[in-house]
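I have placed the structure first, in the form of structure tokens, so that the comments after it can refer back to it.
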Amino acid sequence: MDFHADKPIYQQIIDHAFANILSGQWQGGERVPSVRDLAAMMSVNSHTALKAYDYLQSHGIINMRRGMGYYLADDARARVEAERRQQFLTVSAPAFFEQMRLLGLTVDDLMPIICKDD
């Protein structure tokens, strides 16, 4: 994985896990890679991977089963969607609308993009 300097690596690992959950690659109730396996796959220190897993566990997204490893919570997708929505509403959307304001753009300017037929 190519990491970006503008965000801590453990946060980027969390983002990677969220992407796997939202895309359906990781399903609720299934085992997720061990900390050691994830660290090896992503070429990071195992402490960095553990920090990401600690975050996921503290937010109820993964659960540790003694002697069995980490498993995705049954409601992990709903939890990730809720967290991403909150982040969008509190961080991304305000920044987006501030850029629109600075550039003198209106919602009407966005309509061709929003209503684009695919």
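Return the equivalent ellipsoid semi-axes of the chain as a descending list in whole Å, where each equals the square root of 5 times an eigenvalue of the C-alpha gyration tensor. Provide the component values of the computation, followed by the final result.
On the way: eigenvalues 225, 57, 32 Å².
Its equivalent ellipsoid spans semi-axes of 34, 17, 13 Å.
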* Structure fact -> With Cα springs under 10 Å, the Gaussian network model of the chain assigns the largest mean-square fluctuation among 22, 89, 56 to 89
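Take every Cα pair under 8 Å in the chain that's 6+ residues apart, average their separations, divide by the length, and report that relative contact order as a whole percent.
Details: 91 pairs, mean separation 27.9, N = 118.
Once divided by the residue count of the chain, the mean separation gives 24 percent.
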* Structure fact -> Taking Cα atoms, the helix 46-58 axis meets the longest principal axis of the chain at an angle in degrees (rounded to 10) of 70 degrees
* Structure fact -> Between the Cα axis of helix 9-23 and the main Cα principal axis of the chain, the angle (0 to 90°, nearest 10) is 80 degrees
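With a 1.4 Å probe and every protein chain left in place, work out the accessible area per residue of the range 40-118 in Å², rounded to a whole number. Provide the component values of the computation, followed by the final result.
On the way: 5820 Å² over 79 residues.
Ligands and nucleic acids excluded, the result is 74 Å² per residue.
Using a probe of 1.4 angstrom, how much of the accessible area of the range 1-108 is carbon and sulfur, in percent?
Details: 3780 of 7030 Å².
Answer for the range 1-108 is 54 percent, counting heavy atoms of protein chains only.
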* Protein chains only, probe 1.4 Å: how do 98, 83 rank by accessible area, largest first? -> 98, 83
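The values are calculated or read from the model by the stated rules, or taken from the named source; none is laboratory data. Computed from a predicted model, the values in this text were never measured in an experiment. Accessible surface is based on the protein model in full, side chains and every heavy atom, while ligands, DNA and RNA are left aside. Shrake-Rupley method; radii C 1.70, N 1.55, O 1.52, S 1.80 Å.
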